[in-house]
Amino acid sequence: QVQLEESGGGLVQAGSSLRLSCAASGRTFIYDSMAWFRQAPGQEREFVAAITWDGGRTFYGDSVKGRFTISRDSAKTTSLQMNSLKPEDTAVYFCAADPNIGVVVSGKPGYWGQGTQVTVFT
């Protein structure tokens, strides 16, 4: 069974940092691009960041550029370092994976995690 499991969400004050992690299991993800998306209540899912299988290329949504950093920690794990958090970053954050980076960035990766809640308060 293919599984992506997120961890690291929580309740934090604006201006602080948080690190999310995603662990993949059930199949080989070594050649998959991995990504993070988020969805706030009443809003559409938003692309946050993506990284190619070899870590050679990264992509970011405009709202997080310069504050968030995606990294490939291993063949099956990826992390999202979130700095200078704002209340508008409050959302459920989802990990995703797909062999095709174009598919990932377009918002239609084949594999999704269950999500982890991030809440930023002032």
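Observations, loosely collected:
- The set of residues in the stretch 22-40 that are over 19 Å from G8 (Cβ atoms) and not acidic (D, E) comprises G26, R27, T28, I30, Y31, S33.
- Among residues of the stretch 1-18, those that are among the hydrophobic types (A, V, I, L, M, F, W, C) and either touching a Gly at 6+ places or on another chain (Cβ under 9 Å) or without any contact (Cβ under 8 Å) to a residue 60 or more places away in the chain (or both), counted: 3
- Selected residue (criterion: nearest to D98 (Cα to Cα)) from residues of the stretch 29-65 that are in a loop (DSSP other than H, G, I, E, B) and in contact (Cβ under 8 Å) with a residue 60 or more places away in the chain: D32
- Considered as a group, the residues in the stretch 85-99 that are at pLDDT 95 or above and open to solvent by 50 Å² or more (accessible area, probe 1.4 Å) include one that is farthest from A14 (Cα to Cα), and that residue is E88.
- On the stretch given as the stretch 1-20, residues that are of a type in the set (S, T, N, Q) and open to solvent by less than 40 Å² (accessible area, probe 1.4 Å) total 1.
- If the condition is being open to solvent by 60 Å² or more (accessible area, probe 1.4 Å) and charged (D, E, K, R), then the stretch 31-51 contributes E44, R45, E46.
- Residues in the stretch 52-70 that are crowded, with 16+ Cβ neighbours inside 10 Å, under 16 Å from Y93 (Cα atoms) and among the polar types (S, T, N, Q): 1 in all.
- Any hit, the stretch 100-119, residues being over 12 Å from A49 (Cα atoms), touching a helix residue (DSSP H, G or I) at 6+ places or on another chain (Cβ under 6 Å) and assigned to a strand (DSSP E or B): no
- Screening the stretch 7-36 for residues that are out of contact with any Cys (no Cβ under 8 Å at 6 or more places or on another chain) and among the aromatic types (F, W, Y) and picking the one that is farthest from C95 (Cα to Cα) gives Y31.
- Sole exception among (1) on the phi < 0 side of the Ramachandran plot; (2) out of contact with any strand residue (DSSP E or B) (no Cβ under 7 Å at 6 or more places or on another chain) for G15, by number: (1)
- Residue among G26, G115, G102 that is surrounded by fewer than 21 Cβ atoms within 10 Å (Cβ to Cβ) and in contact (Cβ under 8 Å) with a residue 60 or more places away in the chain: G115
The values are calculated or read from the model by the stated rules, or taken from the named source; none is laboratory data. Owing to the predicted nature of the structure, the values given are computational and were not obtained by experimental measurement. Using ideal geometry, Cβ is built from the backbone for each residue, glycine included, and neighbour counts are taken over all protein chains shown. Quick note on the areas: whole protein, heavy atoms, side chains included, nothing else; ligands and nucleic acids left out. Shrake-Rupley method; radii C 1.70, N 1.55, O 1.52, S 1.80 Å.
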